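The values are calculated or read from the model by the stated rules, or taken from the named source; none is laboratory data. All of these numbers come straight from a predicted model, not from anything done at the bench. All Cβ positions, even for glycine, are placed from backbone atoms using ideal geometry, and neighbour counts span all protein chains on display.
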Amino acid sequence: MKIDYKKLFLLGFGFMGISVVWALYNADVPVILQSQFGMSNFATGWIMNIDNIFAVTLIPIIAAYSDKVSTKIGRRMPFIITGMPLMAVFFALVPWIPLF
């Protein structure tokens with residue numbers, strides 16, 4: 001089996017991007033929760049774990065749904081085309097979370 005180094009590089013580059021964003025999220029969100037919202041360490045930890053709970057439950061549900069979707073651009077591409085821009089916008093808006 002021949003290795004396609006271009007695809008391997010792109011896959012690695014994408015994973016690196018996800019890892020960087022994940023690290024930024026895990027570093028910045030607790031600070032925002034504690035400084036802007038005045039949450040305790042316990043509440044901050046609980047909220048930071050909610051995204052893991054969502055990941056464990058929602059990813060398999062969405063994956064099963066995407067297996068049933070059939071479009072001319074593919075099964076998963078509609079989810080990528082809609083999800084990536086939305087997540088980029090929401091991530092960019094994190095610094096402007098209003099104070100309560």
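Observations on the model:
- Taken together, the residues in the range 47-76 that are in a helix (DSSP H, G or I) and more than 16 Å from the chain's Cα centre (by Cα) amount to 5.
- Qualifying residue in the range 12-28 (condition: surrounded by 12 or more Cβ atoms within 10 Å (Cβ to Cβ), modelled with pLDDT under 90 and polar (S, T, N, Q)): no
- Candidates PHE91, PHE37, PHE42, filtered to the one that is over 21 Å from the mean Cα position of the chain (by Cα) and touching a residue at least 60 places away in the same chain (Cβ under 8 Å): PHE37
- When residues in the range 47-70 are screened for being surrounded by 10 or more Cβ atoms within 10 Å (Cβ to Cβ), farther than 26 Å from TYR25 by Cβ and not aliphatic (A, V, I, L, M), 1 of them pass.
- For the range 71-85, a residue qualifies if it is of a type in the set (Gly, Ala, Ser) and exposed (fewer than 13 other Cβ atoms within 10 Å of the Cβ), and exactly one does: GLY83.
- Selection count where residues are under 22 Å from VAL21 (Cα atoms) and either in contact with a helix residue (DSSP H, G or I) (Cβ under 6 Å, 6 or more places away or on another chain) or of a type in the set (D, E, K, R) (or both), scope the range 49-96: 3
- Test for ALA43: is it exposed (fewer than 11 other Cβ atoms within 10 Å of the Cβ), of a type in the set (A, V, I, L, M) and assigned to a helix (DSSP H, G or I): no
- Any hit, the range 29-36, residues being out of contact with any strand residue (DSSP E or B) (no Cβ under 6 Å at 6 or more places or on another chain), at pLDDT 90 or above, assigned to a helix (DSSP H, G or I) and over 21 Å from TRP96 (Cβ atoms): no
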